[in-house]
1. Among residues belonging to the range 42-94 that are modelled with pLDDT under 90 and on the phi > 0 side of the Ramachandran plot, point out the one that is surrounded by the fewest Cβ atoms within 10 Å (Cβ to Cβ).
2. Of the numbered conditions (1) at pLDDT below 85; (2) among the hydrophobic types (A, V, I, L, M, F, W, C); (3) part of a loop (DSSP other than H, G, I, E, B), residue 291 fails exactly one; give the number of that condition.
3. Taking the condition more than 21 Å from residue 3 (Cβ to Cβ) and touching a residue at least 12 places away in the same chain (Cβ under 8 Å), does residue 48 pass?
4. Specify the residue that is nearest to residue 160 (Cα to Cα); the eligible residues are those in the range 118-140 that are of a type in the set (Asp, Glu) and at pLDDT below 95.
5. Would you be able to tell me the number of residues in the range 170-182 that are in contact with a strand residue (DSSP E or B) (Cβ under 7 Å, 6 or more places away or on another chain) and in a loop (DSSP other than H, G, I, E, B)?
6. How about the range 26-41: which of its residues are assigned to a strand (DSSP E or B) and surrounded by 15 or more Cβ atoms within 10 Å (Cβ to Cβ)?
7. Which members of the range 132-148 meet the condition of being in a strand (DSSP E or B) and out of contact with any helix residue (DSSP H, G or I) (no Cβ under 9 Å at 6 or more places or on another chain)?
8. For the range 215-268: of the residues being among the aliphatic types (A, V, I, L, M) and assigned to a loop (DSSP other than H, G, I, E, B), which is modelled with the lowest pLDDT?
Amino acid sequence: MNIKEGQRAHFECRLIPVSDPTMKVEWFHNNKPLKSGSRFTETNNFGFVALDVLYCYPEDSGTYTCRARNAVGEAITSTTLSVQSKQAISLETQHEAALSRLNQLESSRIQRSETQDEIINQAPVFTQPMRDIRVAENQAAHFEARLIPVGDSKLRVEWLRNGVPIQASNRITTMHDFGYVALNMKYVNPEDSGTYTCRAINELGQATTSATLDVASKASLLLETQHHGAMEKIQYLEDTSKYKRREDEEVVVTQAPRFTTQLNGPTQLAEGQSAHYECRIEPYPDPNLKVEWFHNGKPLQTGMELS
């Protein structure tokens, strides 16, 4: 493999057996064990073995060897890497016509960018100001506004609370994208209340827009109902007592069981057909009543064919 200094090198191979927990894979550079580091990344995943060198130097040139070893034996595969140093790289153009064309394109791009910079000839203006918001404690808060000029690369946007710059954090994030500016707060505390200001500055001037944030603490939240009629209706619907199972009164049995309707059902069937037998019995209800079935005088066992 031949690469230039600063480029990435990648070596890979396939290895069997795949599911061998005792398999050990080692890499060597010029027969010396390769030390793991930020530039070297080794991979061994389901038979795929690879070595990546993120940034190569001339001293990385040499022979790279991958050795796989398990309880039965070992296998080795090697290849060479040649890193061409920057000093040996030809810096002169080998194609004069192409170089002149590249210079022409780059000069036109620079002129275009200078023309675009000259177009920005106005101070910042907020076309859509911020709005006041009121939220409860621990809720999210969001301010947004619209701003021109849109394509001013030198425009700087700042956020302030009560005149003090706001520092970005994991709780507070800001956004400035193509004229859209925003401030997001994942959750707020009562002490976050105050006046929030967005200030835009460029070489021609500055503009500001402000809004207030009012955070209602949990202690100041109204916990009492403001609509007693609706509250009574809710309590009625949430009353689970009317859905509870009522306990049946204890049944007193005063008679022995007797069949009010005798057993009846089919007497002749073809093989594979279903048979249904039924009868009626008293007293009912009797929680202690036990019913048994017999076939030719022998207790019938309930199973898949009997129910």
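The values are calculated or read from the model by the stated rules, or taken from the named source; none is laboratory data. These numbers were taken from a predicted model, which means no experiment stands behind them. Please note: Cβ atoms are built from the backbone with ideal geometry, for glycine as well, and neighbour counts cover all protein chains shown.
1. 46
2. (1)
3. Values: more than 21 Å from residue 3 (Cβ to Cβ): yes; touching a residue at least 12 places away in the same chain (Cβ under 8 Å): yes.
It is true that residue 48 is more than 21 Å from residue 3 (Cβ to Cβ) and touching a residue at least 12 places away in the same chain (Cβ under 8 Å).
4. 137
5. 2
6. Initial filter on the range 26-41 (assigned to a strand (DSSP E or B)): 26-29, 32-33, 40-41.
Passing the criteria: 27, 28, 29, 40.
7. 133, 134, 135, 142, 143, 144, 145, 146, 147, 148
8. This residue is 221.
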